[in-house]
Amino acid sequence: MFEPFQKFLQRAAGQYGIAKEARAAQVCHDFRALLPELFPERENPQEYMSPAYYRENILVINVENPAWGHEVVMRKDKIIAEMNKRAGSEVIKNLRTQLKR
């Protein structure tokens, strides 16, 4: 019987004790992929923001300047909803921003 590769990776990550790291990488990947959908009226939003890290159900996003931080905060509920929808479960409970260094 055929089993999707994604399920194999999740199971393997659990067996090797890297499930948290694998989940964090997936969340950051999903955020990057969703950026054009989350900010459709903005040209190249990925140039101004990127995922910094994911830990304990919190996604931290690096932003270029306070204006972009404000954009993220204003769309916080939508971003969380879309990310959780894509993941199929409540993986993000909160969202924070920080200025890029």
> Listing VAL91, VAL27, VAL73 from the residue with the fewest other Cβ atoms within 10 Å to the one with the most, what is the order?
Replying inline: VAL73, VAL91, VAL27
> Considering only DSSP states other than H, G, I, E and B, which GluC sites (Glu not before Pro) in the range 33-101 qualify as loop sites with at most 15 other Cβ atoms within 10 Å?
Replying inline: GLU41, GLU43, GLU56, GLU64, GLU90
> Reachable aspartates and glutamates from LYS20, Cα under 16 Å, same-chain residues fewer than 8 places away excluded?
Replying inline: ASP30, GLU56, GLU90
> So how do TYR53, TYR48 line up by other beta-carbon neighbours within 10 Å, fewest first?
Replying inline: TYR53, TYR48
> With contacts defined as alpha carbon pairs under 8 Å and 6 or more residues apart, what's the relative contact order of the range 5-99 in percent?
Replying inline: 25
> Ranking MET49, MET74 by Cβ neighbours within 10 Å, fewest first, what do you get?
Replying inline: MET74, MET49
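Values in this text are rule-based calculations from the coordinates and carry no lab data. Owing to the predicted nature of the structure, the values given are computational and were not obtained by experimental measurement. Using ideal geometry, Cβ is built from the backbone for each residue, glycine included, and neighbour counts are taken over all protein chains shown.
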